[in-house]
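This report refers to the structure that appears directly beneath it.
The values are calculated or read from the model by the stated rules, or taken from the named source; none is laboratory data. This one's a predicted model, so the numbers in the text were calculated from it and none came from an experiment. Don't worry about glycine lacking a Cβ; one is built from the backbone with ideal geometry, like all the others, and counts go over all protein chains shown. Side chains are part of the model used for accessible areas, which takes the heavy atoms of the whole protein and leaves out ligands, DNA and RNA. Shrake-Rupley method; radii C 1.70, N 1.55, O 1.52, S 1.80 Å.
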Amino acid sequence: MRLFAVGLSHRTAPVELRESVDFSRKGLDAALAELASRGIGRELVVLSTCNRAEIYAVGETDETADHIGRFFSEYHDIPHAEVHQHLYVHRGPDVARHLFRVAAGLDSLVVGEPQILGQVKAAYAVASDGQFTAALTNRLFHSAFSVGKRVRSETGLGEGAVSVSYAAIALAKKIFGDLKDRAVLILGAGEMAKLTGIHLQSQHVKQITIASRTFQTAQNLAERLDGVAVAWDRVDAALTAADIIVTATGASEPVLTRSRVEEAMRSRRHRPLFIIDIAVPRDVDAAVGSLDQVFLYNIDDLRTIVQENLARRGAELARAEAIVDQEVARYTAWMQSREIVPTVVALRQRFEAIRRAELQRLEPKLANLPPEARSRIDEVTRLIVEKLLLTPTEQLKSVSDEAMIVAYADALNRLFSLAQDKDRDAVAPEEESEVSS
Amino acid sequence: MHLVPLLLYAAAAAAYVAHFAWRDPRVGRLATALMAGGVFAHTFLIGMQTVQAGHAPLVGTSAAISAFVWLLGLSYLYIELSSDERSMGAFVAILMVALDVIPALNPGVAPRPPVLQSPLFTVHVMSLLFAYASFALACVLGVTYALLFKEIKAKQLGFFYTRLPSLASLDLMNSRAITVGWAFLTLGVVVGGIWAWQVKGSPDPRAQAMSLADPKILVALVSWGLYSFALFARKAIGWSGRRAAYLSGIAFAVVLLNFVLVGYFLTASHNF
């Protein structure tokens, strides 16, 4: 049994191809069912986002990878030659490394973006609900979740907004906490105003008020944002009510002067005010920023923050990769110990069976011994078996090389004819039914 | 034994600072565990002193500071566990270590003079110490507010920006701490007044020195005035945010001055 991951991503495939192999369109469960019905892989997880499509599987032979590759083209009706050159294949421990990097956002288009972890979780949930997962994939994906979590909490990789709109919202949250009870005023109704308004709306702010020199455009945007439009000459009242002001008008002179904002601050009793000036040329007089309790950020300030955040993310990469390394080592160790364990168990069972059989055979001769002597014989034989097995068991558990494990297991199976026992162990009934049913 | 809480607090402070700087959650949990261990050891120490002396060890500045540090630790742990926010820990733990040095170097319980044999004494001291603990937290919140405010205002988003909760929540917690502290300060001062009036005829010279002219009492009333103003200004004239933060810092400086300096050297009425 071996792990495989076959797929393509923004690193290997153009967007058109990524779109045409999107598994989520027909539903991940449909893809999983189709894979299972073709007998590809014992355990299966399908991950499909706009930047990647990947199939994780546990297979018996190396052909599993080819089968999955073919499945990509056949399932989506694309010539195999077209897909094939864009596919990557990972095997064994490399699967863990790849998935952990994906979950941590290290393989993302925007490094450190947080959505991917949720997408990996969702993909696993679908597979797990459909009973397509078992021991290997369960452990693999749960390890991946903890890698994602660790990278987020122990490094600054996911930190800091990397777009101007998110930078503005992150700042607003740092000032006001939850934005639910906050009122927003947008001056201007152009494209920039609309984009920022949509972002703010997604934060469920209490109210969005829009003012523009032409009332009709303000009203149009207000409808789009579920907000209220006010006339341009009523802006002063709106200034008093707002906690966050976005200015994006096309005016050539500052719309908000120091005295105007100062007046508003007085009537709003100096509650903090966050002004985001995304207009070029600027809509807000720079002197407004020196007012107490007023936080003024213009488009250049926000761009600078984004640049700094991107640079900082780069610096955190090494720490995130170190976490991935640690977890890969841990997962690999677990996988290997798991591979040798059935052999060790079978070996011990074999020895114990021989001991019991011999005692059974001697039973008529031992029958007339006192119970004390009989229990002593039982104990001594047991100890002999224990001692005989002690060193081999320790040696087997310390083997870490995958090929060696297979060789050892093979040798032991032949020498002690364990194969029958081992098969019974490895192909547990529930594992079998999970995929082939 | 009296050094154990101090050592645990110091270790907790180091861990909180490390957690604040590098944000390793394991270090954060370690810090909380050390802080809880320190408070536990401190509880044990105060319990032992109570058994030995036959009364709560609240007599004398040293003992009062020890009880104050203990209450501060308890209040802080309560806030940390209920808000799941560890970033204040670094500041609070450092303050606790700085203050706990005094009782740790001056251990021992002072005998209780007859004039203090009153239940009012315990109410007076405990409510004031609890008020001071709240004010200490308010001060820490104020300091962090000012640091974060400065970063956002100057558009230099860095160290504190990534580590502290939002300005609004710091301000809200500050306001709550001041309100709770003010209520206990008022209670403590009123009970103290009643009790001073009760022991007026006592031959103890300290009882006779109980007057508004005594520095300890005067400064206590000044701090009551400052906190009353802070509450009033927030409600009536919109002194929230940065001004409230500064005010809670200044007022706590007055409290500390009264608690440590005046308590040790200047007062004629409170030198038990």
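At a glance:
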item: Calculated P(r) of the range B:156-272 - Cα pairs past 24 Å, %; result: 40
item: In Å, descending, principal axis extents of the Cα set of the protein assembly as shown; result: 103, 92, 35
item: Listed peptides A:221-231, A:372-382 by packing density, highest first (mean Cβ within 10 Å); result: A:221-231, A:372-382
item: Taking the range B:112-203 and dividing mean pair separation by its residue count, relative contact order in percent (alpha carbons under 8 Å, at least six apart); result: 48
item: Normalised per residue, the volume of the convex hull around the Cα set of chain B (Å³); result: 120
item: Sequence of A:Glu321, A:Glu16, A:Glu74 when ordered by accessible area, the most exposed leading, probe 1.4 angstrom; result: A:Glu16, A:Glu74, A:Glu321
item: Nearest-ten-degree value, helix B:119-153 long axis tilted from longest Cα axis of chain B; result: 20
item: The range A:192-242: C-alpha gyration tensor shape, a/c 1.5 cut-off, then a/b vs b/c; result: oblate
item: The range A:254-352: C-alpha gyration tensor shape, a/c 1.5 cut-off, then a/b vs b/c; result: prolate
item: Chain A: calculated mean residue ellipticity at 222 nm from DSSP helix runs of at least 4, using -39500 (n - 2.57); result: -19500 deg cm²/dmol
item: Nonlocal Lys pairs with alpha-carbon distance under 25 Å, chain A (8 or more apart, or different chains); result: 14
item: Hydrodynamic radius (Kirkwood) for the range B:43-187, which is based on Cα pairs only, to one decimal in Å; result: 16.7
item: Accessible heavy-atom area order of A:Glu262, A:Glu60, highest first, probe of 1.4 Å; result: A:Glu60, A:Glu262
item: Solvent-accessible surface (1.4 angstrom probe) belonging to A:Ser337, in square angstrom, nearest 10; result: 50
item: Exercise: per-residue mean of other protein chain Cβ atoms within 10 Å, A:269-276; result: 3
item: Rg to Rh quotient for the range A:357-397, alpha carbon positions, Kirkwood Rh; result: 1.16
item: The range A:1-62 shape via C-alpha gyration tensor axes, a/c threshold 1.5; result: oblate
item: Peptide-level mean, for A:298-304, of C-beta atoms on other protein chains within 10 Å; result: 1
item: Volume per residue that the Cα convex hull of the range A:46-92 spans, once the total is divided by residue count, Å³; result: 86
item: Axial C-alpha extent at least 30 Å, average Kyte-Doolittle at least -0.5 - helices from chain A (DSSP); result: A:299-366, A:371-398
item: Solvent accessible area, Å² - A:Lys174, 1.4 Å probe, full protein context; result: 40
item: Normalised alpha carbon radius of gyration of the range A:316-401 [divisor 2.2 N^0.38 Å]; result: 1.80
item: Restricting the range B:65-157 to GluC sites (Glu not before Pro) in coil, as DSSP defines it, with at most 15 other Cβ within 10 Å; result: B:Glu85
item: Principal axes of the range A:1-153: Cα extent on each, largest first, Å; result: 43, 33, 26
item: B:Thr43 accessible area, 1.4 Å probe, all protein chains in place, Å² to nearest 10; result: 60
item: The range B:1-41, relative contact order [Cα under 8 Å, separation at least 6], %; result: 52
item: Ratio Rg/Rh, restricted to the range A:81-190 and using Cα atoms, in which Rh is the Kirkwood radius; result: 1.12
item: Relative contact order %, chain A, counting alpha carbon pairs below 8 Å whose residues are six or more apart; result: 14
item: Per residue, the convex hull volume that the Cα atoms of the range A:188-301 enclose (Å³); result: 96
item: Spherically averaged projected area in nm², based on the convex hull that wraps the Cα atoms of the range B:1-73; result: 4.7
item: Between the range A:356-372 and the range B:139-202, the Cα center-to-center distance that results, in Å; result: 82
item: Estimated distance in nm for a label pair at A:Lys397 and A:Ala322, the labels positioned 7 Å out from Cα along Cα-to-Cβ; result: 3.0
